[in-house]
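Notes to accompany the following structure.
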Amino acid sequence: MNPSCLEYQLTDDERRHFEEHGWLQIENALTPQQIEKLTAKTDEIHAAKVNDGHSASQALFYPNFIPDDAGFLELVDYPPVLPKVWGILGWNIYLYHGHLIVTPPSGQSRPPAGEEKTFGWHQDSGRVNQEMESHPRPRLSLKVAYFLSDTSEEGRGNFWIIPGSHLRDDLERPQNGTGQPEGAIPVLAKPGTAVFFDRRLWHTASPNWSDVTRKILFYGYGYRWIRTKDDMTVQDLWPQCDAIQKQLLGYGVNCNGHYSPSDDDVPLRVWLRENAPEAAK
Ligand SMILES: O=C(O)CCC(=O)C(=O)O
């Protein structure tokens with residue numbers, strides 16, 4: 001990894017924002033060339049799925065997408081983003097989950113504001129939210145969402161969040177099943193934006209009432225002792241990866257090393273010791 005990536009380390013303001021609000025938005029994280037290539041591959045995957053019978057008008061949730069394209073793999077240790085991930089979670093991390101979502105226009109007209117059905121609000125990680133006994137629940141993981149399409153306007157299947165809700169264990173939803181919880185906002189993101197969010201942040205997808213198909217890539221980073229959340233058949237990529245990429249794609253010397261890592265388990269720590277000692281602690 002090139003030390004020039006250190007210019008992208010989490011700033012004090014970014015850390016404060018993430019700690020306080022549970023999310024962070026970085027514009028122009030992807031170049032126009034990257035957006036174009038990643039979009040072309042995403043479209044290809046979507047078209048193949050539709051060809052296999054997936055409804056063209058339904059959202060496509062497609063996990064384990066990293067092996068499908070070198071451009072997806074490149075983002076696993078993407079210099080403008082990875083330093084912020086280790087700045088939040090530390091170095092004992094890997095990609096526990098990845099998925100892309102394509103949300104075509106629903107073809108439905110948008111209900112008047114506040115009369116739409118309550119969206120599918122959730123925190124990430126399923127049973128973790130029942131079986132962890134602490135309050136607030138621990139962070140454990142975060143996702144980076146790369147926006148390929150333009151959701152800088154509302155109604156385009158935006159990603160919705162409740163800023164600051166990551167420290168709340170419960171969410172009060174509207175009683176009548178319409179409208180959104182207090183404090184909910186659509187994330188307005190142009191193509192190329194990266195949005196970081198704490199897994200505990202209450203968030204949801206929303207219907208696409210526009211004529212613009214929404215496309216987002218989601219990269220979930222968590223501690224190496226967390227299990228993968230999808231098939232993550234990335235082991236075949238290890239031979240072409242450098243040591244840090246291998247760590248991020250789940251490599252470990254043995255099982256114990258996921259809990260008590262040696263230097264061979266976590267080359268990211270070794271690299272940080274040499275290049276950014278503060279972050280290697
Ligand atoms: O598609 C979206 O906007 C939401 C994605 C989501 O809920 C998730 O990644 O957990």
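The values are calculated or read from the model by the stated rules, or taken from the named source; none is laboratory data. None of these values were measured; they are calculated from a predicted model. Every residue, glycine among them, receives a Cβ derived from its backbone with ideal geometry; neighbour counts consider all protein chains shown. SASA here: full protein model, heavy atoms, side chains in, ligands and nucleic acids out. Shrake-Rupley method; radii C 1.70, N 1.55, O 1.52, S 1.80 Å.
If residue 91 satisfies all but one of (1) within 15 Å of the ligand (Cβ to nearest atom); (2) assigned to a loop (DSSP other than H, G, I, E, B); (3) buried (at least 16 other Cβ atoms within 10 Å of the Cβ), what's the number of the condition it fails?
Of the numbered conditions (1) within 15 Å of the ligand (Cβ to nearest atom); (2) assigned to a loop (DSSP other than H, G, I, E, B); (3) buried (at least 16 other Cβ atoms within 10 Å of the Cβ), the odd one out for residue 91 is (1).
Given the criteria among the charged types (D, E, K, R), farther than 30 Å from residue 253 by Cα and in contact with a Ser or Thr (Cβ under 8 Å, 6 or more places away or on another chain), does residue 27 qualify?
Yes, satisfied.
Evaluate the range 30-37: report whether one residue or more is open to solvent by less than 60 Å² (accessible area, probe 1.4 Å) and within 15 Å of the chain's Cα centre (by Cα).
Taking every residue of the range 30-37 in turn, at least one turns out to be open to solvent by less than 60 Å² (accessible area, probe 1.4 Å) and within 15 Å of the chain's Cα centre (by Cα).
Being within 12 Å of the ligand (Cβ to nearest atom), touching a residue at least 40 places away in the same chain (Cβ under 8 Å) and among the small types (Gly, Ala, Ser) is the requirement here; does residue 120 meet it?
Considered against the rule, which asks whether it is within 12 Å of the ligand (Cβ to nearest atom), touching a residue at least 40 places away in the same chain (Cβ under 8 Å) and among the small types (Gly, Ala, Ser), residue 120 comes out as yes.
Just the residues that are outside any loop (DSSP other than H, G, I, E, B), closer than 25 Å to residue 124 by Cβ and open to solvent by 80 Å² or more (accessible area, probe 1.4 Å), please, taken from the range 230-249.
If the condition is that a residue be outside any loop (DSSP other than H, G, I, E, B), closer than 25 Å to residue 124 by Cβ and open to solvent by 80 Å² or more (accessible area, probe 1.4 Å), then 235 is the only one that fits.
Filter the range 22-66 for residues that are of a type in the set (S, T, N, Q), in a helix (DSSP H, G or I) and touching a residue at least 60 places away in the same chain (Cβ under 8 Å); which is farthest from the ligand (Cβ to nearest atom)?
Taking the candidates together, the pick is 34.
For residues that are farther than 19 Å from residue 162 by Cβ and open to solvent by 10 Å² or more (accessible area, probe 1.4 Å), scanning just the range 194-220, find the one that is nearest to the ligand (Cβ to nearest atom).
Quick first cut of the range 194-220, residues farther than 19 Å from residue 162 by Cβ only: 194, 208-215, 217, 219-220.
From what's left, open to solvent by 10 Å² or more (accessible area, probe 1.4 Å): 209-213, 215.
Details: 209: 14, 210: 14, 211: 18, 212: 14, 213: 13, 215: 10 Å.
Filtering the range 194-220 for residues that are farther than 19 Å from residue 162 by Cβ and open to solvent by 10 Å² or more (accessible area, probe 1.4 Å), the one nearest to the ligand (Cβ to nearest atom) comes out as 215.
Looking at the range 221-251, which of the residues that are among the hydroxyl-bearing types (Ser, Thr, Tyr) and touching a Ser or Thr at 6+ places or on another chain (Cβ under 9 Å) is farthest from the ligand (Cβ to nearest atom)?
Applying the first criterion (among the hydroxyl-bearing types (Ser, Thr, Tyr)) to the range 221-251 yields 221, 223, 228, 233, 251.
Narrowing the set further to residues that are touching a Ser or Thr at 6+ places or on another chain (Cβ under 9 Å) leaves 221, 223.
Working: 221: 13, 223: 18 Å.
Going through the qualifying residues, I end up with 223.
Take the residues in the range 247-280 that are closer than 21 Å to residue 84 by Cβ and without any contact (Cβ under 8 Å) to a residue 60 or more places away in the chain; name whichever of them is farthest from the chain's Cα centre (by Cα).
Top of the filtered list is 274.
Give the range 181-193 a look and list any residue that's within 14 Å of the ligand (Cβ to nearest atom) and either within 30 Å of residue 257 (Cβ to Cβ) or buried (at least 17 other Cβ atoms within 10 Å of the Cβ) (or both), or say none.
Passing the criteria: 184, 186, 187, 189, 193.
Taking only the range 250-274 into account, find how many residues are under 22 Å from residue 3 (Cβ atoms) and either open to solvent by 50 Å² or more (accessible area, probe 1.4 Å) or not in a loop (DSSP other than H, G, I, E, B) (or both).
10
Is it the case that residue 211 is part of a loop (DSSP other than H, G, I, E, B) and over 24 Å from residue 225 (Cβ atoms)? First the steps, then the outcome.
Details: part of a loop (DSSP other than H, G, I, E, B): yes; over 24 Å from residue 225 (Cβ atoms): yes.
Yes; evaluated as a whole, the condition is true for this residue.
Among the residues of the range 152-166, write down those that are closer than 17 Å to residue 201 by Cβ and either surrounded by 22 or more Cβ atoms within 10 Å (Cβ to Cβ) or within 12 Å of the ligand (Cβ to nearest atom) (or both).
Here is the first cut: in the range 152-166, the ones closer than 17 Å to residue 201 by Cβ are 158-166.
Selection gives 158, 159, 160, 161, 162, 165, 166.
Could you please give the count of residues in the range 47-82 that are within 17 Å of residue 30 (Cβ to Cβ), surrounded by fewer than 16 Cβ atoms within 10 Å (Cβ to Cβ) and aliphatic (A, V, I, L, M)?
Total satisfying the criteria: 1.
Applying the selection to the range 110-129, what residues are of a type in the set (S, T, N, Q) and either in contact with a Pro (Cβ under 9 Å, 6 or more places away or on another chain) or surrounded by fewer than 16 Cβ atoms within 10 Å (Cβ to Cβ) (or both)?
Passing the criteria: 118, 129.
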